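What follows draws every value from the coordinates through simple rules; no lab data is involved. Remember, predicted model here, so these are calculated numbers, not experimental data. As a convention, Cβ positions derive from the backbone with ideal geometry for all residues, glycine included, and neighbour counts pool all protein chains shown.
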Amino acid sequence: MFQKAICNFSKDNLLHNVKLIKKFAPDAKIMAIVKDNAYGHGVISVSKILEEHVDAFGLVLLNDAITLRNSGIRKPIVLIEGVYTPESLLIASLQEFSVVFHCKYQIDLLKKGKLPNPIHAWLKLNIGMGRLGFYPDDARIKLQFLEESPSVIETVGIISHLACASQPQHPLNRKQIDIFKNFIRDFKGQKSLCNSAGIFAFPDVHYDWIRPGIALYGCSPFSEYIIPSLNFKPVMTLQTEIIAIQKINRGEMIGYGGHFCCPEDMLIGIADIGYGDGYPCSKKSGMVLVNGVRCPVIAPVMMDTIIIDIRPCENVEIGDKVILWGEDLPIEEVALSNERIVYDLMVGVKNVYSRWQ
Ligand SMILES: *Cc1c(COP(=O)(O)O)cnc(C)c1O
């Protein structure tokens, strides 16, 4: 292998997480969210591992949906942001993908002629996030239209999204849940409201389908993450190697900009990963593990390399293992110290060799 940076993915941890979610929401069906290449984990690998444990897959790109079908995935696939052209709608119909309708433009696609296969439709209700979906009054009219359309299978689902589920105490949550409850009061079809945070924060509103994303990959969905309490296990571990060691004298400056002045004669280690591979580059920087020992990164992160203060660690050698995040170094902590969120760290990893174990 020519690359030093590797993403190790753990099948056991992925299965552990899905079982944890199931245990917590035993009565709901699981739509595993595998958008954005399964949050950077690989949409085909993740879906194959999960297929027998979940009830459907949710993703954004029609191409990904087709890729999953072509790789043998038979479970229902939901296009959670719907489609935008008559051709895409036709493909969704032929391939039997379920389609979310969140705006008038999408509904109008159905008026262009009857589809060969009626599709399974979800109507997106906007309960206050203001992103996608119809506000309740409008949604009633659109629901009736979908239910009567010859291109749509009789039962339409209602899907919605909480804006502040990652902060369970936020007053908007209950308000938005009430709007949802009101809307679906006499509705007999399938309902879905909760992402990962919603699943754990609001067990009373799991309804028919839950839609976990980040929790599957082993992250806390809550923004005040400090101490892992839900016992998820990280699926992704990003690691690389030390490729150079320098002995620097007290008072010398290190790295671009010369911001770090060595407080004593010391060793620094250079590791083969940088912002070009998706490692976060911010003014603040956090910790990595060198041979299992926490060591600070000396800012700024460079395109292909980072500089590590290896004083905490004895006898570091070229080729020694550096863990950027994953087991023993929670990605939540890396995100916090770099003022990023775990989602964008995960989907941002690139140029690295990946392997499932
Ligand atoms: C991304 C997404 C989810 C999953 O969210 P997590 O916070 O990762 O659990 C669920 N539903 C919809 C509509 C989404 O876009």
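See the values below:
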| item | result |
| --- | --- |
| Expected 222 nm ellipticity per residue - DSSP helices of 4 or more, -39500 (n - 2.57), all of the chain, to 500 | -8000 deg cm²/dmol |
| Residues LYS22, LYS247, sorted so that the one with the fewest Cβ neighbours within 10 Å comes first | LYS247, LYS22 |
| Computed over the range 180-278: relative contact order in percent, which uses C-alpha pairs under 8 Å that are six or more apart | 17 |
| Percentage of interatomic Cα-Cα distances in the range 1-127 larger than 22 Å | 43 |
| Tilt relative to the chain, helix 86-95 - C-alpha long axis, 0 to 90 degrees, to 10 | 90 |
| Dipole of the range 232-347 [Lys/Arg +1, Asp/Glu -1 at C-beta], most positive-end residue of ASN315, CYS295, CYS261 | CYS261 |
| Dipole axis of the range 160-267 (+1 Lys, Arg; -1 Asp, Glu on Cβ), positive-most option in GLY251, VAL205, CYS164 | VAL205 |
| Diffusion constant of the range 225-357 at 25 °C, which comes from Stokes-Einstein with the Kirkwood Cα-pair radius and 0.890 mPa s, µm²/s | 161 |
| Net length gained if the chain between CYS261 and ASN231 were fully extended (0.36 nm per residue, minus Cα distance) | 6.8 nm |
| Which of ARG140, ARG74 has the fewest Cβ neighbours within 10 Å, and the rest in rising order | ARG74, ARG140 |
| Intensity falloff of the range 236-295 expressed as log10 I(q)/I(0), Debye formula with alpha-carbon point scatterers, at q = 0.12, 0.14, 0.19, 0.23 Å⁻¹ | -0.34, -0.47, -0.88, -1.24 |
| The chain: Cα Rg divided by the 2.2 N^0.38 Å rule of thumb | 1.14 |
| Karplus 3J(HN,Hα) series, Hz, for the range 110-122 with 6.51 cos²θ - 1.76 cosθ + 1.60 (x for Gly, Pro) | 6, 7, 7, x, 6, 7, x, 10, x, 9, 7, 10, 10 |
| Semi-axes of the equivalent ellipsoid for the range 275-340, Cα gyration tensor, largest first, Å | 18, 14, 11 |
| About the Cα centre, charge dipole magnitude for the range 31-121 (Lys/Arg +1, Asp/Glu -1 at Cβ), debye | 260 |
| Rounded tilt (10° steps) of 171-183 against the dominant C-alpha axis of the chain | 30 |
| Rounded to whole Å, sorted largest first: equivalent-ellipsoid semi-axes of the range 37-100, Cα gyration tensor | 19, 12, 10 |
| Simple Cβ-charge dipole of the chain, Lys/Arg +1 and Asp/Glu -1, about Cα centre, in debye nearest 20 | 980 |
| Extreme residue, positive dipole direction of the chain, given options THR155, HIS102, ASN8 (C-beta unit charges) | THR155 |
| The range 88-232: Cα Rg divided by the 2.2 N^0.38 Å rule of thumb | 1.14 |
| Residues TRP122, TRP356, TRP209 arranged by fewest to most Cβ contacts within 10 Å | TRP356, TRP209, TRP122 |
| In order through the range 337-347: 3J(HN,Hα) via Karplus (6.51 cos²θ - 1.76 cosθ + 1.60), integer Hz, x for Gly, Pro | 6, 9, 6, 10, 10, 4, 4, 6, 5, 4, 6 |
| Check: the range 1-47 dipole with +1 on Lys, Arg Cβ and -1 on Asp, Glu Cβ, in debye | 80 |
| The range 1-72 shape via C-alpha gyration tensor axes, a/c threshold 1.5 | oblate |
| Label-point gap, in nm, between ARG355 and ARG140 - each point 7 angstrom along Cα→Cβ | 6.0 |
